[in-house]
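The values are calculated or read from the model by the stated rules, or taken from the named source; none is laboratory data. Predicted model, so just to flag it, every value in this text is computed and none were measured. FYI the Cβ positions are ideal-geometry reconstructions off the backbone, even for glycines, and counts take in every protein chain you see. Heavy atoms of the whole protein, side chains included, go into the accessibility calculation; ligands, DNA and RNA do not. Shrake-Rupley method; radii C 1.70, N 1.55, O 1.52, S 1.80 Å.
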Amino acid sequence: MATANPKPPKKTLRYKLLRALKLVDEPERADQIYYQTGGAKRKAHATWYRGATTNFFPDKKAIAQPNAVDEYVGKGWFPESPFITREHYITAFGSCFASEVTKYLYREGYQVFGRDMKLNSYVVRSGEGIVNSAAIRQQFEWAFEGKTPKIELWHDKEGIPGDYSDDVRRATREIFEKSDIFILTLGLSEVWYDKPTGEIFWRAIPKRDFNAERHGFRVLGAAENLENLRRTYELIRAHRPDATIIMTLSPVPLAATFRPVSCITASSVSKASLRIAIDELMREVGPSAQSKLYYFPSYEMVTSFLPNPMKDDFRHPTEESVEFIMQTFKRNFLR
């Protein structure tokens, strides 16, 4: 009399094949916890208490799922529904990645950078060069409080200094006071500064002006970046209490470091300092729905999500990457 085939031993190749084909289920074990990621059941060790909220790191299959970016990158950061309309006035400046945001919003018909106002403002003309947290803070302190640097700190990409005229300051203040949405894109933490005053330059120092006895270089730590961002947030809240602030971290790494270490490692530190500061500020002010402060994770999309995001220069995102990032922004923020 024929007998049924017994269940194959766990260590046999046949059993492993059947498991891979999901024809045999492994019994759940008491020392494991089980969860769903990317449509598949996965397990983790159950010894440790993991808190009321646990989000596991996705694997490649999970990342390949439709709309995975919202679940595995944007979760907890995106608003419940899009809220930016074409009636809102948007000010976006910071690193060079801010220019990509600006161009996209222009094409989509949104009001960016004072389309209906004079553009006699540095956040318009040189916005992509205001790349560190101190420089962003300077613009708000100057516009709202009239705090003027003691020396020439601000230069455009040709090294031409910007003046501190009342006309430019008033234009900047007018833009800020009309803005409903501020998109601030942080770029780097490596800065040049004036030793006697301690004031920080937008960019590097024009070669013709460099004086080794007067000018210095340093890296802004996370605490200093946090203080600059906190001050910026407070100034916006004081003068535009109903405005929404969206902070991003540019995925473009340093072109060069002035530290005696590799540029790749220095860039990692530069970005990490800013990312920590953004996260600290957001935890200080509370949930985004109440604080009107959001983080848009463009940095993580490039560094930890998209499979081949950079051009051959290994610094600038491809057109496809930028389009993916902006489509994600559109889906979650633009109404």
Under 5 Å from the placed amide H of Ala92, counting only residues 5+ away or on other chains, we find Phe113, Ile183
If you average the sequence gap of Cα pairs under 8 Å that are 6 or more apart and divide by the length of the chain, what percent do you get for the contact order? 18
With +1 on each Lys and Arg Cβ and -1 on each Asp and Glu Cβ, how big is the dipole of the chain about its Cα centre, in debye rounded to the nearest 20? 1540
Give the accessible area for Lys311 in Å² (nearest 10); use a 1.4 Å probe, count only protein heavy atoms, and leave out ligands, DNA and RNA. 80
Stretched out fully, how many nm does the piece from Tyr49 to Asn120 gain, at 0.36 nm a residue minus the Cα gap? 19.9 nm
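So how much slack lies between His239 and Arg283, counting 0.36 nm per residue of separation and subtracting their Cα-Cα distance, in nm?
13.6 nm
Sort Ser189, Ser165 by accessible area with a 1.4 Å probe, largest first. Walk me through the intermediate numbers first.
Details: Ser189 0, Ser165 40 Å².
Most to least solvent-accessible, the answer reads Ser165, Ser189.
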Fully extended, how many nm does the chain gain between Thr148 and Glu199 (0.36 nm per residue separation, minus their Cα-Cα distance)? 17.3 nm
Rounded, prolate or oblate for the range 273-335? Axes are the square roots of the Cα gyration tensor eigenvalues, ordered a ≥ b ≥ c, and the cut-off for rounded is a/c under 1.5. oblate
For the range 188-335, one quarter of the surface area of the C-alpha convex hull, expressed in nm², comes to 11.3
In Å², what does the accessible area per residue of the chain work out to with a 1.4 Å probe? 54
Highest mean first, how do 237-246, 74-83 rank when packing is the count of other Cβ atoms within 10 Å averaged over residues? 237-246, 74-83
Looks like the chain, by Cα gyration tensor root eigenvalues a ≥ b ≥ c and the a/c under 1.5 rounded cutoff (else prolate when a/b is bigger than b/c, oblate otherwise), is prolate
Could you order Phe57, Phe333 so the one with the most accessible surface comes first? Probe is 1.4 Å. Phe57, Phe333
Local charge sum around Ala62 (other residues, Cβ-Cβ under 11 Å, Lys/Arg +1, Asp/Glu -1)? +1
Once the dipole of the range 135-264 is set up from charges on Cβ (+1 Lys and Arg, -1 Asp and Glu), the residue from the list Ala135, Asn225, Leu184 lying farthest towards its positive end is Asn225
Using θ = phi - 60° and the Karplus relation 6.51 cos²θ - 1.76 cosθ + 1.60, list the HN-Hα couplings for the range 180-190 in order, rounded to whole Hz, with x at every Gly or Pro. 8, 10, 10, 10, 10, 9, 7, x, 8, 10, 7
Tell me, what is the FRET efficiency for Lys103 and Arg259 to the nearest 0.05, using R0 = 45 angstrom and their Cβ-Cβ distance as r? 0.90
Would you mind checking which residues have amide H under 5 Å from Tyr294's amide H? H placed 1.01 Å from N; only 5 or more apart, or other chain. Ile245, Ile246, Met247
Note to self: C-alpha centroids of the range 267-335 and the range 76-111 sit apart, in Å, by 13
Collect residues whose amide H, placed 1.01 Å from N in the peptide plane, falls under 5 Å from the amide H of Thr318; neighbours closer than 5 in sequence don't count. Met310, Lys311
Please work out whether the range 157-234 counts as rounded, prolate or oblate from its C-alpha gyration tensor, where a ≥ b ≥ c are the square roots of the eigenvalues and a/c under 1.5 means rounded, while otherwise a/b larger than b/c means prolate and anything else oblate? oblate
Between Thr303, Met326, Ser291, whose Cα lies farthest towards the positive end of the dipole of the range 285-335 when Lys and Arg beta carbons carry +1 and Asp and Glu beta carbons carry -1, centred on the Cα centre? Ser291
